[in-house]
Amino acid sequence: MKTKKVLAGFTAAAIAASMITGCGAGAKTETAVSTEAETTAAEEKETTAAEEKETTAAETVQDTEKRKERILTVSGNGDFGFPSVYTISPKGQGYMTLSYIFDTLMWKDESGLIPYLAEDYSVSEDGLTYTFQLRKGVSFTDGTPFTAEDVKFTFDYMKEHPYKWVSVSMVEEASVVDEHTVEIKLNKTYNPFLSDVAGSLPILPKHIWENVTEPETFTEPEAAISTGPFILENYDAAAGTYTFKANEDYFYGDVQIDKLVIANVSGGDSKEALLSGEIAAAPNISYKAAMSLKDSPEYTVLEGPGLSVTRLYFNFDEEAMAVKEIRQAMYHAVNLDEIVEKAYGGAGYPGSAGHVQPGTPWYNPDVRQYAYDVETAKKMLSEAGAADSNGDGILEYNGEEMSYTLTFTENDEKLAELLVSYMKAVGIELVPQSADDATVKAAISEGNFELAFNTNGSFGGDPVFLSRFATVGADGTPSVTGQGGTTWESEEYNRIYNESAVEQDDVKRHQQVKELQEIIAEELPCLTLYYKKAVAAYNNTIFDGFYYTPDGISIAVPFIMNKLVFVSGQWKAQ
């Protein structure tokens, strides 16, 4: 067989040689000329292609030079710090700004949660192992390829250096399966892992961060390098201005603007800045100002859930406040619709007794509600044993006057006035006491108050926020009560919440969350007064396509500035 192969090869070579030499010198000359011509033609073709390529490139440069630079300026809200993971503010707007540079394994678009740096994922039956298949061909903005090593490094690094926006305490181990596959094992089931962790944790480039030992002070230019749609061009702390340029190689699609500028507006008036052309979008405009633009065709006004809640807290050391029927009577005495209109100018929604906001996926519409009814409130107070024995207009309960200090934040005076008047109408005296927001929050968390109301954000997404009413259960579920001192406690609530925290069946978990709302509505550990409404306005003749992200960006950040807007939106200015 070996000889045959040699002979076959020799025969083929001989035939080829005979084709060149067997017909004499004339044939040889003709073949040489033909080869010369082919070479010349190929060279001419290559030259033409190169010239065409150069011409196309030159035309592209000329077109870019001719086209006016697409700069989108939006109103900001001050300085949030250097835009890197550990140096920017852990508040919502800080995270939103960070997201323009850093990407996550999952993300939310206008429809909900989607794979992002991951192109696919799977979850084990026990809910403890998440496997992510990463996108190929993704690079950091310094040109370094993004791989599974960066994901593993990020989880490991954040266990050593906790990140204020996202906790990885539930992660047991992150391991690399191959260059584009990573496996995350949890030490306990955590239902919102995909949205609140995988969909919120900014992935760090290992080659930059592996030698950073003090991330809170890391503000070198490379601290702002990642895979996102924008690259930091300038940060002016004094002016509170951020300037980003488009990442021309963004893996998720072409960025539709050349620069994004987030800046404080002159005089702090977003509406005037919008009308004057100083900005093209006002994500933080006041509700009243936004409504005044609603009939102008060149401006689009968007409304959405503010993902924050205002509630009245009870100190359960106060004997009367520990009585469920008295709390129920007080809820009947509150005019929730009037609060929305008079205290907040219509920029919100009335509270629901079950705490979860109406219109959201986890809301139970069948919970008990407490219609505004002063006479019902008076009757319930009387039946609970409250009476005005001395005729001074203030009820007593077990010999103690129902007179309490009402603690609230300074800019909420109108709501305080309303609550004082509502309670006075049924015989309860409230003495208003205002302070700055930090002081009020501290008083509530330490239990140093009698009655207090305050607003909290991050009120959306997975109903893990209902843990604020749970105490430590048998399975060790942590308590996030939101207030200190003596608090409301229900063994039934603890049991159902603990079960819901690990339940993998979505139908069963929805039923459990419904039951939790029923308990809250019956027991009223707090009075849910008001849900904030988010509002924004923008000039649609400059850029169009903004939207409110379902359940907010990341962990309930209610802004129209989702980074995917800058890929899916349209530049309209000429």
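The values are calculated or read from the model by the stated rules, or taken from the named source; none is laboratory data. This one's a predicted model, so the numbers in the text were calculated from it and none came from an experiment. For neighbour counting, all protein chains shown are included, and Cβ atoms are generated from backbone atoms with ideal geometry for every residue, glycine included. Just so you know, the surface numbers come from the protein's heavy atoms only, side chains and all, with ligands and any DNA or RNA stripped out. Shrake-Rupley method; radii C 1.70, N 1.55, O 1.52, S 1.80 Å.
So, of the residues in the stretch 375-398 that are among the charged types (D, E, K, R) and in a helix (DSSP H, G or I), which turns out to be surrounded by the fewest Cβ atoms within 10 Å (Cβ to Cβ)?
Here the answer is Glu375.
When you scan the stretch 150-168, do you find a residue that is assigned to a strand (DSSP E or B) and touching a Ser or Thr at 6+ places or on another chain (Cβ under 8 Å), even just one?
Checking the stretch 150-168: not a single residue is assigned to a strand (DSSP E or B) and touching a Ser or Thr at 6+ places or on another chain (Cβ under 8 Å).
Of everything in the stretch 294-323, what is charged (D, E, K, R), more than 16 Å from Tyr397 (Cα to Cα) and open to solvent by 10 Å² or more (accessible area, probe 1.4 Å)? Give them in sequence order. Spell out the reasoning first.
At the first step, the residues of the stretch 294-323 found to be charged (D, E, K, R) are 294-295, 298, 303, 311, 317-319.
Okay, now just the ones that are also more than 16 Å from Tyr397 (Cα to Cα), so 294-295, 298, 303, 311.
Lys294, Asp295, Glu298, Glu303, listed by residue number.
Test Gly346 against the criterion of being assigned to a loop (DSSP other than H, G, I, E, B), small (Gly, Ala, Ser) and exposed (fewer than 14 other Cβ atoms within 10 Å of the Cβ), and give yes or no.
Yes; evaluated as a whole, the condition is true for this residue.
Tell me which residues, restricted to the stretch 500-551, are farther than 30 Å from Ala343 by Cα, of a type in the set (Val, Ile, Thr) and in contact with a helix residue (DSSP H, G or I) (Cβ under 7 Å, 6 or more places away or on another chain).
Val513
Could you grab me the full set of residues in the stretch 349-374 that are among the polar types (S, T, N, Q) and either crowded, with 16+ Cβ neighbours inside 10 Å or in contact with a Leu (Cβ under 7 Å, 6 or more places away or on another chain) (or both)?
Ser352, Gln357, Thr360, Asn364
Please enumerate the residues belonging to the stretch 510-527 that are more than 28 Å from Val334 (Cβ to Cβ) and either at pLDDT below 95 or touching a Phe, Trp or Tyr at 6+ places or on another chain (Cβ under 9 Å) (or both).
His510, Gln512 - these are the residues of the stretch 510-527 that are more than 28 Å from Val334 (Cβ to Cβ) and either at pLDDT below 95 or touching a Phe, Trp or Tyr at 6+ places or on another chain (Cβ under 9 Å) (or both).
Can we say Tyr331 is assigned to a helix (DSSP H, G or I), of a type in the set (Ser, Thr, Tyr) and touching a residue at least 12 places away in the same chain (Cβ under 8 Å)?
Here the answer is yes, as Tyr331 does meet what is asked.
Out of the residues in the stretch 163-174 that are at pLDDT 95 or above and either open to solvent by 30 Å² or more (accessible area, probe 1.4 Å) or of a type in the set (D, E, K, R) (or both), which is nearest to Glu503 (Cα to Cα)?
Across the stretch 163-174, the extreme among qualifying residues is Glu172.
For the stretch 139-146, check the following and say yes or no: at least one residue is assigned to a strand (DSSP E or B), open to solvent by 30 Å² or more (accessible area, probe 1.4 Å) and over 22 Å from Gly460 (Cα atoms).
Within the stretch 139-146, one or more residues are assigned to a strand (DSSP E or B), open to solvent by 30 Å² or more (accessible area, probe 1.4 Å) and over 22 Å from Gly460 (Cα atoms).
Output the number of residues of the stretch 311-328 satisfying the condition of being in a helix (DSSP H, G or I) and of a type in the set (Val, Ile, Thr).
Residues that pass the stated criteria total 1.
Do we have Ala521 as part of a helix (DSSP H, G or I) and either surrounded by 18 or more Cβ atoms within 10 Å (Cβ to Cβ) or not aliphatic (A, V, I, L, M) (or both) here?
yes
Test Phe559 against the criterion of being assigned to a loop (DSSP other than H, G, I, E, B), of a type in the set (A, V, I, L, M, F, W, C) and modelled with pLDDT under 95, and give yes or no.
Yes; evaluated as a whole, the condition is true for this residue.
Per-residue answers, yes or no, for (1) more than 19 Å from Phe140 (Cα to Cα); (2) under 23 Å from the mean Cα position of the chain (by Cα):
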position	(1), (2)
Val171	yes, yes
Asn187	yes, no
Ser195	yes, yes
Ala198	no, yes
Pro202	no, yes
Pro205	no, yes
Trp209	no, no
Thr213	yes, no
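Considering Met291, Met330, which residue is open to solvent by 30 Å² or more (accessible area, probe 1.4 Å) and at pLDDT 95 or above?
Values: Met330 fails: open to solvent by 30 Å² or more (accessible area, probe 1.4 Å).
Going through Met291, Met330 in turn, the sole match is Met291.
State whether one or more residues within the stretch 180-197 are of a type outside the set (Ser, Thr, Tyr), surrounded by fewer than 16 Cβ atoms within 10 Å (Cβ to Cβ) and free of Cβ contacts under 8 Å to residues at least 12 places away in the same chain.
No - not one qualifying residue is present in the stretch 180-197.
Identify all residues within the stretch 213-266 that are out of contact with any strand residue (DSSP E or B) (no Cβ under 6 Å at 6 or more places or on another chain) and charged (D, E, K, R); write none if there are none.
Across the stretch 213-266, the qualifying residues are Glu214, Glu216, Glu220, Glu222, Asp236, Glu248, Asp249, Asp254.
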